[in-house]
1. Is there any pair with a first residue in region 102-121 that is at pLDDT 95 or above and in a helix (DSSP H, G or I) and a second that is surrounded by 16 or more Cβ atoms within 10 Å (Cβ to Cβ) and among the small types (G, A, S) whose Cβ atoms are under 7 Å apart and which are 6 or more apart or on different chains, and what are they?
2. Considering each residue of region 84-98, count those that are surrounded by fewer than 17 Cβ atoms within 10 Å (Cβ to Cβ) and either under 23 Å from E117 (Cβ atoms) or at pLDDT 95 or above (or both), and give that number.
3. Can you confirm whether I20 is in contact with a strand residue (DSSP E or B) (Cβ under 9 Å, 6 or more places away or on another chain), under 25 Å from F6 (Cβ atoms) and surrounded by 11 or more Cβ atoms within 10 Å (Cβ to Cβ)?
4. For region 44-58, indicate whether the set of residues that are among the aromatic types (F, W, Y), in contact (Cβ under 8 Å) with a residue 12 or more places away in the chain and either over 18 Å from L15 (Cα atoms) or surrounded by fewer than 16 Cβ atoms within 10 Å (Cβ to Cβ) (or both) is non-empty.
5. Just give me the residues in region 35-52 being closer than 17 Å to K112 by Cα and either among the hydroxyl-bearing types (S, T, Y) or in a helix (DSSP H, G or I) (or both), in sequence order.
6. Taking only region 73-83 into account, find how many residues are loosely packed, with under 13 Cβ neighbours inside 10 Å and either part of a helix (DSSP H, G or I) or in contact with a strand residue (DSSP E or B) (Cβ under 9 Å, 6 or more places away or on another chain) (or both).
7. Could you list all residues from region 1-34 that are in a strand (DSSP E or B) and in contact (Cβ under 8 Å) with a residue 24 or more places away in the chain?
Amino acid sequence: MKVKCFINIPGNGDLDIGEIYTVYGMSIWEDSLNYLLADDDRPNWYLAKRFEVVDSLIPLNWYFIFKNSAQQASIKPLKALWGYKEMIFDSQHYIDLIEREPEALGFFARRKKEIDEFEKMNEI
């Protein structure tokens with residue numbers, strides 16, 4: 001999935017207006033849809049309303065989880081996730097990625113490479 005930035009918010013990541021980014025995960029945090037992008041290969045979450053979708057194909061190996069009160073209540077504002085295996089099945093990975101834990105960044109780098117290869121094979 002690819003998105004094009006049309007709004008840059010100063011102090012909230014260094015994105016370029018008009019630039020196209022690959023999406024490596026999606027989340028619903030409270031009532032906002034967010035995209036996981038790699039800004040200079042560093043994973044960051046960005047509000048989806050800052051982008052327009054330019055390629056809606058999502059990777060075949062993505063998973064989805066809807067987090068109701070019985071599931072992973074430790075991150076209550078996080079309501080849903082789409083993404084690679086570790087993002088969905090390891091409840092700590094989401095937090096570790098935000099906190100830049102080396103192991104989580106390593107998983108992200110491997111999954112980013114896989115998604116980038118998938119994107120390249122399916123270019124329109």
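1. Here the result reads K112/A38, each pair linking region 102-121 to a residue that is surrounded by 16 or more Cβ atoms within 10 Å (Cβ to Cβ) and among the small types (G, A, S).
2. Count: 3.
3. Details: in contact with a strand residue (DSSP E or B) (Cβ under 9 Å, 6 or more places away or on another chain): yes; under 25 Å from F6 (Cβ atoms): yes; surrounded by 11 or more Cβ atoms within 10 Å (Cβ to Cβ): yes.
Criteria met by I20.
4. No - not one qualifying residue is present in region 44-58.
5. Residues of region 35-52 that are closer than 17 Å to K112 by Cα, as a first pass: 35-46.
Correct list: Y35, Y46.
6. Total satisfying the criteria: 3.
7. K2, V3, K4, C5, I20, Y21, T22, G25, M26, S27, I28, W29
Each row is one residue, and each column tells you yes or no for (1) more than 15 Å from the chain's Cα centre (by Cα); (2) basic (K, R); (3) at pLDDT 95 or above.
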site	(1), (2), (3)
N8	yes, no, no
G11	yes, no, no
D14	yes, no, no
Y24	no, no, yes
W29	no, no, no
N34	no, no, yes
D41	no, no, no
P59	no, no, no
Y63	no, no, yes
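The values are calculated or read from the model by the stated rules, or taken from the named source; none is laboratory data. All values reported here derive from a predicted model rather than from experimental measurement. Every residue, glycine among them, receives a Cβ derived from its backbone with ideal geometry; neighbour counts consider all protein chains shown.
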